[in-house]
Amino acid sequence: MATKSRVAIRFTSIDNWQEKDEEILKIIKDDTGTDGFPVVKTVPPLYLPPALSQKAIDKLKALDGISVEVIEE
């Protein structure tokens, strides 16, 4: 089984959040099967999705306008 990692996803601006939100949620849902996860309700928000595969993390990191931080456990 592939290793999965927890991440924190931050948007660099409100515009990036509005432009990238659907794409990010699709990557997360395709990888985890859910789009329900903790969100820090700031503007723009901070996403704390379930553990993601390296493939999904790489897809997220390839997007401009967001920061993906792997959370060490």
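Listed residues Lys26, Lys4; which is in contact (Cβ under 8 Å) with a residue 12 or more places away in the chain and out of contact with any His (no Cβ under 9 Å at 6 or more places or on another chain)?
Numbers: Lys26 fails: in contact (Cβ under 8 Å) with a residue 12 or more places away in the chain.
Just a single option satisfies the conditions, and that option is Lys4.
For the subset of the range 1-46 comprising residues that are among the β-branched types (Val, Ile, Thr) and part of a helix (DSSP H, G or I), which member is surrounded by the fewest Cβ atoms within 10 Å (Cβ to Cβ)?
Our first condition is that a residue be among the β-branched types (Val, Ile, Thr); within the range 1-46, this holds for 3, 7, 9, 12, 14, 24, 27-28, 32, 34, 39-40, 42-43.
Okay, now just the ones that are also part of a helix (DSSP H, G or I), so 14, 24, 27-28, 32.
On the way: Ile14: 10, Ile24: 22, Ile27: 22, Ile28: 23, Thr32: 17.
Looking at residues that are among the β-branched types (Val, Ile, Thr) and part of a helix (DSSP H, G or I), I get Ile14.
Suppose we keep only residues that are part of a strand (DSSP E or B) and within 9 Å of the chain's Cα centre (by Cα) within the range 47-68. Which one would you say is farthest from Asn16 (Cα to Cα)? Talk me through it step by step, then tell me what you get.
Taking the range 47-68 first, the residues part of a strand (DSSP E or B) are 47, 52-53, 66-68.
Right, trim to within 9 Å of the chain's Cα centre (by Cα) and you get 47, 52, 66-68.
Details: Tyr47: 14, Leu52: 21, Ile66: 7, Ser67: 11, Val68: 14 Å.
Within the range 47-68, the match that is farthest from Asn16 (Cα to Cα) is Leu52.
What are the residues in the range 14-59 that are touching a helix residue (DSSP H, G or I) at 6+ places or on another chain (Cβ under 6 Å) and closer than 25 Å to Ala2 by Cα, if any?
Of everything in the range 14-59, those that are touching a helix residue (DSSP H, G or I) at 6+ places or on another chain (Cβ under 6 Å) and closer than 25 Å to Ala2 by Cα turn out to be Ile27, Asp31, Asp35, Pro49, Pro50, Leu52, Ser53, Ala56, Lys59.
Taken together, the values in this text are just the output of simple stated rules run on the coordinates, not laboratory data. For clarity, every value in this text was computed on a predicted model and none was experimentally measured. FYI the Cβ positions are ideal-geometry reconstructions off the backbone, even for glycines, and counts take in every protein chain you see.
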